Amino acid sequence: MIAPDDYRFLSDFLKRESGLSLGPGKDYLLESRLPPVAANFACDGVAGLVRALRMGGNRAMVKAVADAMTTGETLFFRDQTPFTVFRETLLPEAVQRARPTGRPVRIWSAACSSGQEVFSLAMIADEQQRQLAGTRVEFLATDYSTPTVQRAAQATFSQLEVQRGLPIQLLVKYFDKTPDGFRVKDMLKQRVAFREHNLLTSGAGHGSFDIIFVRNVLIYFDVPTKREVLERLSAQLVPGGVIVLGGTENTLGVTDALVRLPGCPTAVYQRSADLTQRRAAPAA
């Protein structure tokens, strides 16, 4: 069992380092995820790890603890509807915005986990080559966890992972069989840039985006942190750009900077001023 004082320390530590709001009753998460970290740094269990962190630890230890607690799980085409909306609405609209200036459409998977989301999006974009009419689509995939980003960048998935949500025809078209599993073909992999990024810090260096996917992340943050993250991300949207949240996430009581697109079957948000202009624009 984790001592109450150690639990409070770890809760405050994780909130400060990664934004994770642990809340009460999550001892089981700490007890399941932190022992390997303690062993790696030669600490006497979780209690010893906490003692080392209280003394300042080192940056590698601090990052390893936060990495262990923020690593999530995902699958190809998770929840389906966001990807259908991306294919049928969001991507065509982004291309329409980008085409007059000849700039590329830029898409950010802002909590990419092991990479299934961004490669799902990249496959859709490749399948839509005729509709893109020469418009280039670029992808950025970021995550807080260093090992997770490194793993995603390897673009190799197990038999079980490709069986979870990936249609067989896309597996055949976009993956090569290797001794380690199934590797994304270079023609698709080269479209995606992988970087480590903490959503609590500025991403201005990444540039501006037409579409930002940040799904199933806000559920781990408290309201002030949600507001900070969403308003920072909204500042990186091009005019008319959108943010896609998880199906159970919303901005009610969090920020007025973003408004959900009316009639959209999934959680797609646009800046309030952009949505006003969208409603005023004449029908095509």
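The values are calculated or read from the model by the stated rules, or taken from the named source; none is laboratory data. All values derive from a computational prediction rather than experimental measurement. Here Cβ is always computed from backbone atoms with ideal geometry, including for glycine, and neighbour counts include all displayed protein chains. Only protein heavy atoms, including side chains, enter the accessible area calculation; ligands, DNA and RNA are left aside. Shrake-Rupley method; radii C 1.70, N 1.55, O 1.52, S 1.80 Å.
May I ask you to give the percent of accessible area on the chain that is carbon plus sulfur, with a probe radius of 1.4 Å?
Carbon with sulfur: 53 percent of the solvent-accessible area.
Regarding the chain, what are the three Cα extents along the principal axes, ordered largest first, in Å?
So the extents along the principal axes, rounded to whole Å, are 64, 49, 30.
Checking a compactness column here: for the range 63-133, what do you get for Rg(Cα) / (2.2 N^0.38 Å), N being the number of residues? Write down the numbers at each step before the final one.
Numbers: Rg = 14.8 Å, N = 71, 2.2 N^0.38 = 11.1 Å.
In units of the globular-protein estimate, the range 63-133 measures up at 1.33.
If the cut-off is 23 Å between C-alpha atoms, which lysines fall inside it for K63, apart from same-chain ones fewer than 8 positions away?
Result set, ordered by chain and number: K15, K26, K226.
Which one of A111, A38, A66 has the biggest mean-square fluctuation once the chain is modelled by GNM with Cα springs under 10 Å?
Among A111, A38, A66, the largest GNM mean-square fluctuation belongs to A38.
So how long is each side of the range 61-104 along the principal axes, counting just the alpha-carbon atoms, biggest first, in Å?
49, 26, 10
For R8 and E196, what is the calculated FRET efficiency with R₀ set at 30 Å and r taken between the beta-carbons, to the nearest 0.05?
So the FRET efficiency works out to roughly 0.60.
Shape verdict for the range 1-155, please, from the Cα gyration tensor: rounded (a/c under 1.5), prolate (a/b greater than b/c) or oblate.
On the way: a/c = 3.15, a/b = 2.86, b/c = 1.10.
Cα axes put the range 1-155 in the prolate bin.
Listed highest first by mean packing, meaning other Cβ atoms within 10 Å per residue, what order do 131-137, 267-273, 223-229 come in?
267-273, 223-229, 131-137
Given a 1.4 Å probe, how much area per residue of the chain is accessible, in Å²? Before the final figure, lay out each step's value.
Numbers: 13470 Å² over 284 residues.
Ligands and nucleic acids excluded, the result is 47 Å² per residue.
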